[in-house]
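The values are calculated or read from the model by the stated rules, or taken from the named source; none is laboratory data. Since the model is a prediction, treat every value here as computed from it, not as a measurement. Positions of Cβ are backbone-derived with ideal geometry, glycine not excepted, and every protein chain shown enters the neighbour counts.
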């Protein structure tokens, strides 16, 4: 049997408390924001899985729910924001949209309905070139400022900024694809 080991870390309590104070608390008394290590944060994923031996040969296939790392890169600190359960629709909508069928077995591809809400990614702590940055007081201050700034922004401004970012990414992708295809 192959045993998968992951590098895991916990953010210091002082960092978690600082980010929580900046972002406030949700209706369950949990922080609206938290810092997690990429390799430590797991999410439920349902589907067909192939287990392999040390040579890459398939040893078995199964259809099941598994907890797998949620964020890449695994070796970075990530800031998460809590989202309320209603942002995922009703449990019925969740299962209608997120259930897949494999070999006649219905399995929730995104795991169980997040009845207490769920933390979603909003920031990766890394340098401009994607390099690792340690979680330091200075990095914490940057995260806290980002949280506070985001809380002050009107929702329509946030939506417009996201739309502009996605449009910019699409233009950059199109430009890069044109360069590759024109060679």
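Among the residues of segment 38-65, what is the count of those that are more than 18 Å from residue 124 (Cα to Cα) and either outside any loop (DSSP other than H, G, I, E, B) or under 21 Å from the mean Cα position of the chain (by Cα) (or both)?
So the count comes out to 17.
Quick one: in segment 138-163, which of the residues that are out of contact with any helix residue (DSSP H, G or I) (no Cβ under 6 Å at 6 or more places or on another chain) and more than 22 Å from residue 83 (Cβ to Cβ) is modelled with the highest pLDDT?
139
Looking for whichever is part of a strand (DSSP E or B) and either out of contact with any helix residue (DSSP H, G or I) (no Cβ under 9 Å at 6 or more places or on another chain) or modelled with pLDDT under 90 (or both) here; the options are 68, 35, 4. Which one fits?
Residue meeting the stated conditions: 68.
Do we have residue 39 as surrounded by 13 or more Cβ atoms within 10 Å (Cβ to Cβ) and under 27 Å from residue 103 (Cβ atoms) here?
For residue 39, the condition - surrounded by 13 or more Cβ atoms within 10 Å (Cβ to Cβ) and under 27 Å from residue 103 (Cβ atoms) - is not met.
Cβ contacts < 8 Å: first residue in the same structural domain as residue 39 (by TED's automatic domain parsing), restricted to segment 49-67; second residue part of a loop (DSSP other than H, G, I, E, B), any location; separation 6+ or different chain. Result?
Pairs that qualify, where the first residue is in the same structural domain as residue 39 (by TED's automatic domain parsing) and the partner is part of a loop (DSSP other than H, G, I, E, B), are 51/2; 52/2; 53/2; 54/2; 59/53; 63/103; 65/111.
Conditions (1) surrounded by fewer than 18 Cβ atoms within 10 Å (Cβ to Cβ); (2) in contact (Cβ under 8 Å) with a residue 24 or more places away in the chain; (3) out of contact with any strand residue (DSSP E or B) (no Cβ under 7 Å at 6 or more places or on another chain), marked per residue:
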| site | (1), (2), (3) |
| --- | --- |
| 78 | no, yes, no |
| 84 | yes, yes, no |
| 90 | yes, no, yes |
| 96 | yes, no, yes |
| 100 | yes, yes, no |
| 104 | yes, no, yes |
| 116 | yes, yes, yes |
| 119 | no, yes, no |
| 125 | no, yes, no |
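In contact with a helix residue (DSSP H, G or I) (Cβ under 8 Å, 6 or more places away or on another chain) and assigned to a strand (DSSP E or B): which single residue out of 135, 125 fits that description? Spell out the reasoning first.
Details: 135 fails: assigned to a strand (DSSP E or B).
Going through 135, 125 in turn, just one is in contact with a helix residue (DSSP H, G or I) (Cβ under 8 Å, 6 or more places away or on another chain) and assigned to a strand (DSSP E or B): 125.
Out of (1) loosely packed, with under 15 Cβ neighbours inside 10 Å; (2) within 22 Å of residue 43 (Cβ to Cβ), what's the single condition that is false for residue 156?
It is condition (2) that residue 156 fails.
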